[in-house]
Structure formats: C-alpha cells, structure tokens
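First the structure, in the form of structure tokens, and then the observations on it.
The values are calculated or read from the model by the stated rules, or taken from the named source; none is laboratory data. Everything numeric here is computed off the predicted structure, so don't read it as measured data. Cβ atoms come from the backbone with ideal geometry, glycine included; neighbour counts cover every protein chain shown.
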C-alpha cells in the first residue's frame, strides 16, 4: 500500500482530477510506484457513452466503456489508490502545493494531474443523444468499421466534415453530407473533392428525426423530404475541459487543448495533463498511454525531490531504526 515518505505532510503526493481512461491508467502506475495518490472523479468520462469499445487492445470481442472504467478502478484500488466522488470548481498553487476546492471539500497535493477530458458536441436534434454509440458517432477511426455497408450521413459544414465523408467511402458507397441550414465553410479544394467523388449534400433544415429506440432510420428535412440514415457522424467539435488548468496558468492551444511536453508536463511546475484534454488523438488506448507516461514522470519528479529535500533520507533513517535492513546471511550449500 502507498506510504508517505513524510507522515507529517498532510498533502497528498499526487492528485488526479478525472477518473476516465487516462486518470485510471495514471493511478495504476502511481499506485505501483507506492505514491500516496487520490483520484477525484465527477463521473463524467466520455467513455461511459460507449456501449461497445471494439478497438481497445486485448478485448477482441469488445467491451463497454462503463465496464472498462470499472475494471480500471478495481485495478487501481488493488495498489491502494484512494478515490472520491467530487467536482473540483477552483484551483490555485501556493508554496509549491496545489490547493483544490471541490463541491464537497478541499484538497492539497504536491503534484497534480489533470485528466478531465473533453465533451463531444452532439447535433442539436431531438432524439439523437439516445442513439450515441449505437447509430450516432463522433469518431471515424473508432467506429467507421462498425457501419460497413450502411447508409452514412455526416453532420457538418467544414473541411473536417468533407474529409469525414470522403473517408467513409472506404466503408460504404452510400455517404452524404447534411448541413442543417448552415452555410458551408469548406474551402475550394474540399468543394472540388466533394464534386469529384460525387458526395451528395443536403443543405435544408432538419425538422425531425426518425428512429427505432437507439437506431436512426431517417432525417426529415424542411420541405417534407426524408433521407434514409443508418449511421450519423457529427463534426460539431469538442469542448476541452481545461478551466482548472487555465486557472493554474497552464498554456492551451487555439483549440483549448492543454499544451504538454513529451513527459506530459505543462508549463506550470508540478502540473501535468493527460488524455483527450491534451493535443493527443482522442482514442482510449492513447489516453491510457498518456496517463501512464504522466504517472511515470510524476513518480520520477517526486523521487528526485525526495533526494533534494532529504525526505528519502529521513524515511531511510526510520527504516534503519525499526526494521531489519540487511539481507539474511545463509550458509551456502557445499
């Protein structure tokens, strides 16, 4: 079980904000590194939206996002990681410590990992949210193969939407773009690609959605036109949950992603970020890898600090006073 080098220090060695894939992966590594670590989770991981994850290494038959999170939590608890359900609403740094204010209580830590993720924006269409992960998707890399041979529509009006539509031709010959009364903002090159590949575009306002429980069946456009759909991908964009990082002075890019170095460290000493809130490709397996990288960097950072501050020396002194510290001498067999 994790044990503090300095039992008189009330602050955690590390706190992870976010109990999604990146946060749990980091927790496992920090627990195995014997670090006193707390995971603060508000229960909003996007992984919970996935009824069946088909591209996570080691699960050839697929696994639900909820089940993956549960397994990750059990794995981290095996190494003594503490968990609490709370939402952090404010953060500041003072004297090299991070202070967090939650809805339930306050917290402090020497190292902080932000793994708050992002929020994918679904189309503003009644009934579509119920289809998430079943017939409405955000990621072609994750779910393109699930819709092979189906009628696929892309909801969007920018260059990314055009590229989604073109990429879907590898999975189905029936692909179209819906604008929902928005003006297209794709450039001339993308417009040429649309025409070159004969991708139909439906510009009218969507007035209603037809579905059978979680399965989309059709979009009804103004003018009483119905277009069949079996799979809908949206490119409305993402909201990066970076508020706490910005409060602490972390730099973000134009898309709101927290800028990190190769060790997942931000420009703020002691502050790290991992997962979809960084510029990484937003895949669960990549988020897990980033969480592991961040945890290894935090563990190394804490170790070096323990040498500089002599806390490891004090810890060793206690060991020497209370425990047998030399291997037993056993006569060698002749």
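Some points to look at:
- Test result for residue 282, under 15 Å from residue 30 (Cβ atoms), in contact (Cβ under 8 Å) with a residue 24 or more places away in the chain, in a loop (DSSP other than H, G, I, E, B) and not assigned by TED's automatic domain parsing to the domain that holds residue 147: no
- Filter result (out of contact with any helix residue (DSSP H, G or I) (no Cβ under 9 Å at 6 or more places or on another chain), within 30 Å of residue 309 (Cα to Cα) and part of a loop (DSSP other than H, G, I, E, B)) within region 97-141: 105
- Filter pass, residue 299 being touching a residue at least 24 places away in the same chain (Cβ under 8 Å), in the same structural domain as residue 100 (by TED's automatic domain parsing) and under 23 Å from residue 136 (Cβ atoms): no
- Residue check, residue 299 outside any strand (DSSP E or B), at pLDDT 95 or above and touching a strand residue (DSSP E or B) at 6+ places or on another chain (Cβ under 9 Å): yes
- Per this entry, residue 277 is counted among residues that are buried (at least 16 other Cβ atoms within 10 Å of the Cβ), touching a strand residue (DSSP E or B) at 6+ places or on another chain (Cβ under 7 Å) and closer than 30 Å to residue 177 by Cβ.
- Members of region 123-137 found to be under 29 Å from residue 84 (Cβ atoms) and surrounded by 15 or more Cβ atoms within 10 Å (Cβ to Cβ), listed by number: 132, 133
- Only a single criterion out of (1) over 27 Å from residue 170 (Cα atoms); (2) in the same structural domain as residue 206 (by TED's automatic domain parsing) is not satisfied by residue 153, namely (1).
- Residue in region 87-95 that is outside any strand (DSSP E or B), outside the structural domain of residue 211 (by TED's automatic domain parsing), in contact (Cβ under 8 Å) with a residue 40 or more places away in the chain and within 17 Å of the chain's Cα centre (by Cα) present: yes
- Flag for residue 153 being closer than 16 Å to residue 197 by Cβ, buried (at least 19 other Cβ atoms within 10 Å of the Cβ) and more than 25 Å from the chain's Cα centre (by Cα): yes
- Residue in region 169-178 that is loosely packed, with under 13 Cβ neighbours inside 10 Å and touching a strand residue (DSSP E or B) at 6+ places or on another chain (Cβ under 6 Å) present: no
- Residue list for region 214-241, filter: more than 24 Å from residue 160 (Cα to Cα) and not in a strand (DSSP E or B): 214, 222, 223, 224
- Residue within region 103-118 that is surrounded by fewer than 14 Cβ atoms within 10 Å (Cβ to Cβ), assigned by TED's automatic domain parsing to the domain that holds residue 297, closer than 24 Å to residue 266 by Cβ and in contact with a strand residue (DSSP E or B) (Cβ under 8 Å, 6 or more places away or on another chain) present: yes
- Among the residues of region 306-319, those identified as surrounded by 10 or more Cβ atoms within 10 Å (Cβ to Cβ) and part of a helix (DSSP H, G or I) are 306, 307, 311, 312, 313, 314, 315, 316, 317, 318, 319.
- Note on region 157-213: residues that are in a helix (DSSP H, G or I) and either under 22 Å from residue 146 (Cα atoms) or within 31 Å of the chain's Cα centre (by Cα) (or both) total 13.
- Matching residues in region 26-83 - criterion: being in a loop (DSSP other than H, G, I, E, B) and buried (at least 21 other Cβ atoms within 10 Å of the Cβ): 35, 36, 45, 50, 81
- Residue match in region 121-128 (condition: touching a strand residue (DSSP E or B) at 6+ places or on another chain (Cβ under 9 Å) and within 26 Å of residue 260 (Cα to Cα)): yes
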